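Here is the structure we will look at.
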Amino acid sequence: MKLDLLSLVIIFPIIGAIPVFFMSPKNKKVLFDYTLLMTLVEFLLSLFLLKGFKFGLYGFQYEHVYKWIPSIGASFHVGIDGMSLILILLTTFLTALGILSSYNYITHKAKEYVIVMLLMETGMIGVFASLDLLLFYLFWELMLIPMYFLIGIWGHERRVYAAFKFVIYTMAGSALLITGILVLYFYNHSVTGVYTFDLLKLYRLNVPYDLAKKLFLAFAIAFAIKVPIFPFHTWLPDAHVEAPTAGSVLLAGVLLKMGIYGFLRFAFPLFPKAAIHYAPLFMALGIVGIIYGAFMSWVQKDLKKLVAYSSVAHLGFIVLGIFTFNMYGTQGAVIQMVNHGLSTGALFFIVGMLYERRHTRLIEEFGGLAKVMPVFSVIFGIVMLSSIGLPGLNGFIGEFLVMLGAFKASKFAAYFAVVGIIFAAVYMLTMFQRVVFLKVKEKNLGLPDISLREFFVLAPILLFIFWIGIYPKPYLKMTEPTSSAVIMQIKSTQNAEKEIKMLTGPVGEEISLKITGRKAR
Amino acid sequence: MNAHILLPEIILSITAALVLIIEFLTPRRLQFIGTVTILGILLALFYDLSMFRNAGIGFYGMVKVGPFDRMFDLIFFIGAILLILLSFDYFVEISGEFYFFLITSLIGMMLLAKSSDLFMLFLSLETLSFSLLGLIGILKRKEFVAEATLKYFVLAAFSSAFFLFGIILTYVIFQTTNISEISNKLFAAGLTGIKPGIIVTLVLLTVGLAFKIAAIPFHMWTPDVYEGAPAPVVAFLSAGPKAAGFAIILKTLLSGYQAHPEIWKGIVTYLAVFTMFWGNLAALKTRNLKRMLAYSTIAHAGYVLVAIVSVNQEAYAAIVFYMLSYTFMVFGAFAIISMIGDSHSNLEDYAGLSRTSPLLAFMMAIFMISMTGIPTTSGFISKFYVFMSAAKTNHIWLVIFGFINGAISAYYYLRVVVYMYMMDAREEHAVPYFPFLRSVMWIAVIFIFYLGLFPQKVFEIIVSTL
């Protein structure tokens, strides 16, 4: 059986983890060097995916089907489109940086740590590449265990509590998801007479409205817990705060995106009418998330908690974006997923670096860092501004597009979202001022500036922060077919045959014209 | 008489007699007797497999053998062999009667799965129960053993009485105890006039069966027996006899009363829901690993009952697959419990295990994760298969309850992992090296991942026996 590139990308981290079992746990440096190498090779492999990827094509590429459990119609069916690819790249990118950032942070059980990180990488990539519902569920649940270990073993004081909360929340959501999958599976059988979990075959199904509403809710609640959308968000601050730096980065950067990805890849195309039906509800919840997240961030004393709640606000934007069902909103949301992964990931790295120096994350403990750590402070400033959404940096692109989309879909929603942006500036700038400016506290006087290794953790992220901010066209172009396919699947609900047709993207042209001020191509 | 269809059982009976004679001649030679037992079992297994596809009725309609029953035999054989392997390292000095009881319980289980008459069912049930008593009480001087044995004995007798009442009432109603005749009569005559009688009968039968599989509210014996009995025996108890219990349910409810599932479906549905929730919720507070696994086995019985409610072909296959995968999980977990020591089975005793013996901690984590039902392990596939059969017949709420219970159970299974990986030991002891216990552990892990990742082959075999 010949292995294709995409499957190789999925299983490579696990293969890379096998030699670790035979390595000595004593020599931490060797372990980390080896794992860094593996994650870099993995990143390289994912770049090969990008190299062979044909932009502007509709449908899935690198599609491959291997037999898995034919008797129940489950197969190892993988394939990617632009959205999957960009998220896979984000995953491999952040995992490598996560390993690079953990050289000093991880003081015990280094061997277990690298195994867990590699296992998690496979899980995350698998989620974004599965085109089979059972396979998707497998990776979705598989993710839980490494994350559980990551929080539980290498986390902070309340780590065990946070780890449990994370696992049990997600599993409760998954209960609905798997039930939904099973019901859909048997409904498909009753219509077509075929037992299959294949997503592309299930896309053709026209689920009756009543059933679709229930199934949509089952899927949506599972995804909403993962995102997390407002009333289901309570696990997030705990998990984020207690997780080690690399755990927080992957949690914010990748895991939260799995929920949004689930909406766009599964919930919307499978149940388009129900999605339209529930859109106002979810838009409202998204807005509540934006405002609530902002307010909660504002009052936090703990830096990491502040970043965690800012995630709730950012994810609120993304949710708002995907439920606008127009090109601006969806494209903005997809690009914002990447942006949030980059800026919030970078923020967590920064908080982790501060924690390594001072062993505290309380904002009041810092102050005047600009004097003692000038380079660090500049980078911190840029990342912070990107998180607020300053024009010229990546955050702006996503938020602006979401705003446009929201304005087209519902002016009311857009007003609230704008207010959210203002609040974002308020809490971020307040925090930044208190940490970086003001008078230097005595305890902070001797802090070393950013080390070379730390610089190499943040520099690649900065590169992308500027790149996406100044010239987002390649990124938008990569995800454009996905977004327009999702919208077409929703909008053409009357059309029983929801085949994705080839078409060029006039909307994409329009977007890039609006943002960059120049004509595409 | 068609005696050859019971050839495996006959071989086993001869082996049992042989074991007693050897024990009499050269007492207490554990490994020798164990090896003889294994050879006998392998011979029986060989004949069982060579006759795998042969179906037939024998002993004047008392037994009916088909490939599906032989599938159950396979689970029993695996359980018995794993138990013997465990016993080599676990027991220092016991009499060879242990293996005698093991073989007779094996015969009891095999006959259970093959009996086609309620009386035959009862006889094999008693054979099983009494042999198990011998296994549970084998270490006479160990603490709690007397309590465990007595509790099991009293409650087994109690439930057998109920079962026997059920059989007698069945005879009163149908003038027969043959299962297929009952089924035929029900199909032909319907329920007119006999419905109240049948309901009483079914309640009595179900009580008897619920005891065997430890369903709520007949589970009271489980935690005490699990705590008191030697760890290998507990593993055997929750694999083989439990599978046998489900085999009887399939015989009586699904085969005998299949014409009118509506009269027993209600009872079993409630039984399933309560068993799942009660088992999982009770396990949350338990701090002794053996007791915790006792409650977990109750919860697992609840999951399997969900399959019975769905009354379809998938249910049969799902139950066999579930019990097969559960056998490996439970034997793996108890192999490690045996290594750490029966009397050190509190959660605190597992603190810091990842430091003292990383391999054992890692394996235990896999067993716990598999029992939680996380994908890539057989625990997930088996649970998924069970709930799939329920979803097929539109028991959506049962499916949701089932998976929510998975989330609840994550708490206590993963708590074991917490102690092993996230807490430090008060005092560190090295765990001695036990070759046989380790081999069972490896076998269990290999099969957990094999069934979890590539279940297709086993699915095919099971489905082909239906």
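Take the solvent-accessible surface of the protein heavy atoms, probe 1.4 Å, and return the percent of it on the protein assembly as shown that carbon and sulfur atoms account for.
69 percent
Full-extension gain between A:Tyr471 and A:Lys411, please, as 0.36 nm times their residue separation minus the C-alpha to C-alpha distance.
Extra length available between A:Tyr471 and A:Lys411 comes to 18.8 nm.
Heavy atoms of the protein only, probe of 1.4 Å, neighbouring chains included. What is the accessible area of B:Tyr295 in Å², nearest 10?
40 Å²
Please compute the Kirkwood hydrodynamic radius over region B:114-233, one decimal place, Å, based on all pairs of different Cα atoms.
15.7 Å
Which is farthest toward the positive dipole end of chain A among A:Gly293, A:Pro228, A:Gly392, measuring Cα position about the Cα centre, with Cβ charges +1 (Lys, Arg) and -1 (Asp, Glu)?
Positive-end residue among those listed: A:Gly392.
Pairwise over distinct Cα atoms, reciprocal of the mean inverse distance: report the Kirkwood radius of chain A in Å, one decimal place.
23.0 Å
From largest accessible area down, sort A:Val191, A:Val254; use a 1.4 Å probe on the protein chains.
Greatest to least solvent exposure: A:Val191, A:Val254.
Please work out how much accessible surface B:Arg287 shows to a 1.4 Å probe, ignoring ligands, DNA and RNA, in Å² rounded to 10.
100 Å²
Per-residue Cβ counts within 10 Å, from other chains only, averaged over A:167-180: what number is that?
Going residue by residue through A:167-180 and averaging, the value is 6.
Quick one: check the C-alpha center-to-center distance for region B:250-309 versus region A:211-282, whole angstrom.
32 Å
What FRET efficiency comes out for B:Val431 versus B:His260 if R0 is 51 angstrom and r is the Cβ-Cβ distance? Round to the nearest 0.05.
Calculated transfer efficiency: 0.40.
Counting protein heavy atoms only and a 1.4 angstrom probe, how many square angstrom of accessible surface do chains B and A bury in total, to the nearest 100?
Roughly 3200 Å² of accessible surface disappears when B and A pair.
Where Lys and Arg each count +1 and Asp and Glu each count -1, what net charge lies around B:Phe403 among other residues with Cβ under 14 Å from its Cβ?
Combined, the nearby Lys, Arg, Asp and Glu give 0.
In a shell of Cβ-Cβ distance under 15 Å around B:Ala229, excluding B:Ala229 itself, what net charge do Lys and Arg (+1) and Asp and Glu (-1) give?
Its environment carries a net charge of +2.
From other protein chains only, count the Cβ atoms within 10 Å of every residue's Cβ in B:448-457, then give the mean.
Mean partner-chain Cβ count within 10 Å for B:448-457: 2.
Take the Cβ-Cβ distance between B:His344 and B:Phe187 as r, set R0 to 56 Å, and report the resulting FRET efficiency rounded to the nearest 0.05.
It comes to 0.50.
Go through region B:398-414 and flag every residue whose accessible area shrinks by 40 Å² or more with all protein chains in place compared to the isolated chain (probe 1.4 Å).
Listed in order, they are B:Ile400, B:Phe403, B:Ala407, B:Tyr411, B:Leu414.
Which of the pairs A:Lys111/B:Lys290; B:Lys64/B:Lys151; A:Lys214/A:Lys491 have their Cα atoms more than 22 Å apart in this structure?
The pairs that break the limit, which is 22 Å between Cα atoms, are A:Lys111/B:Lys290; B:Lys64/B:Lys151.
Report the label-to-label distance for A:Val41 and A:His359 in nanometres (one decimal), using points 7 Å from each Cα along the Cα→Cβ vector.
3.8 nm
Keeping all protein chains in place and using 1.4 angstrom, which order do A:Trp467, B:Trp221, B:Trp278 fall into by accessible surface area, from largest down?
B:Trp278, A:Trp467, B:Trp221
Counting partner chain Cβ atoms within 10 Å of every residue's Cβ in B:371-378, what's the average?
Rounded to a whole number, the mean comes out at 5.
Per residue, how many Å² of accessible area does the protein assembly as shown show with a 1.4 Å probe?
Dividing the accessible area of the protein assembly as shown by its residue count gives 34 Å².
For region B:1-143, take the convex hull of the Cα atoms, compute a quarter of its surface area, and give me that in nm², please.
8.4 nm²
Could you calculate the contour length gain from A:Lys67 to A:Lys371, that is, 0.36 nm times the residue separation minus the distance between their Cα atoms, to one decimal place in nm?
Contour length minus the Cα-Cα distance gives 103.4 nm.
Of the peptides B:16-25, A:480-489, how do they stack up when ordered by the mean number of other Cβ atoms within 10 Å, highest first?
Ranking the peptides B:16-25, A:480-489 by packing returns A:480-489, B:16-25.
Quote the Stokes-Einstein diffusion coefficient, in whole µm² s⁻¹, for region B:266-466, based on the Kirkwood radius over alpha carbon pairs, a temperature of 20 °C and a viscosity of 1.002 mPa s.
D = 125 µm²/s.
Name the lysines eligible as straight-distance cross-link partners of B:Lys383: C-alpha to C-alpha under 19 Å, and not fewer than 8 places from it in the same chain.
Within the straight-line cut-off, B:Lys383 pairs with B:Lys242, B:Lys392, B:Lys457.
At a Förster distance of 22 Å, what's the computed FRET efficiency of B:Phe130 paired with B:Ser95, Cβ-Cβ distance as r, to 0.05?
Efficiency at R0 = 22 Å is approximately 0.85.
Starting with the highest mean, order A:12-20, B:162-170 by the number of other Cβ atoms within 10 Å, averaged over the residues of each peptide.
In descending order of packing, they fall as B:162-170, A:12-20.
Quick one: grab Rg to one decimal and Dmax as a whole number for the protein assembly as shown, Cα atoms only, in Å.
Here Rg and the maximum Cα pair distance are 30.6, 99 Å.
Relative contact order for chain B: what is it in percent, counting Cα pairs under 8 Å that are at least 6 residues apart?
That works out to 15 percent.
Summing +1 for each Lys or Arg and -1 for each Asp or Glu, what net charge is found among the other residues whose Cβ lies under 15 Å from the Cβ of B:Glu23?
Local net charge: 0.
Return, ordered by residue number, the residues of region A:359-392 whose backbone nitrogen is under 13 Å from a label point located 7 Å along Cα→Cβ of A:Leu438.
What the label zone holds, given the 13 Å backbone N cut-off, is A:362-370.
Taking only C-alpha pairs under 8 Å that are 6+ residues apart, what is the relative contact order of region B:266-466 in percent?
About 31 percent, as a whole number.
With an 8 Å Cα cut-off and a minimum separation of 6 or more residues, compute the relative contact order for chain A in percent.
With pairs under 8 Å counted, the relative contact order is 16 percent.
Taking a 1.4 Å probe, which of B:His300, B:His395 shows the most accessible area, and what order do the others take after it?
Listed by decreasing accessible area, they come as B:His395, B:His300.
Leaving ligands, DNA and RNA out of it, work out the accessible area of A:Phe55 with a 1.4 Å probe and give it in Å² to the nearest 10.
So the heavy atoms of A:Phe55 present about 80 Å² to solvent.
Modelled label-to-label distance, A:Asn104 and B:Leu20, 7 Å Cα→beta-carbon offset: nm?
According to this spin-label approximation, the distance is 7.5 nm.
Would you mind putting A:425-435, A:327-337, B:68-78 in packing order, based on average other-beta-carbon counts within 10 Å, highest first?
Most protected by this proxy first, the peptides run A:327-337, B:68-78, A:425-435.
Any idea what the dipole of region B:266-466 comes to, in debye rounded to 20, about its Cα centre with Lys/Arg Cβ at +1 and Asp/Glu Cβ at -1?
180 debye
Loop-only trypsin sites (Lys or Arg not before Pro) in region B:392-466, please: DSSP not H, G, I, E or B, and at most 16 other Cβ atoms within 10 Å.
Here the trypsin sites (Lys or Arg not before Pro) that fit, given the DSSP loop and packing criteria, are B:Arg426.
The values are calculated or read from the model by the stated rules, or taken from the named source; none is laboratory data. Because the structure is predicted, anything quoted here is derived from the model rather than measured. Positions of Cβ are generated from backbone atoms using ideal geometry, with glycine treated the same way; all protein chains shown enter the neighbour counts. Each accessible area value is taken on the protein alone, full model and side chains, heavy atoms only, with ligands, DNA and RNA left out. Shrake-Rupley method; radii C 1.70, N 1.55, O 1.52, S 1.80 Å.
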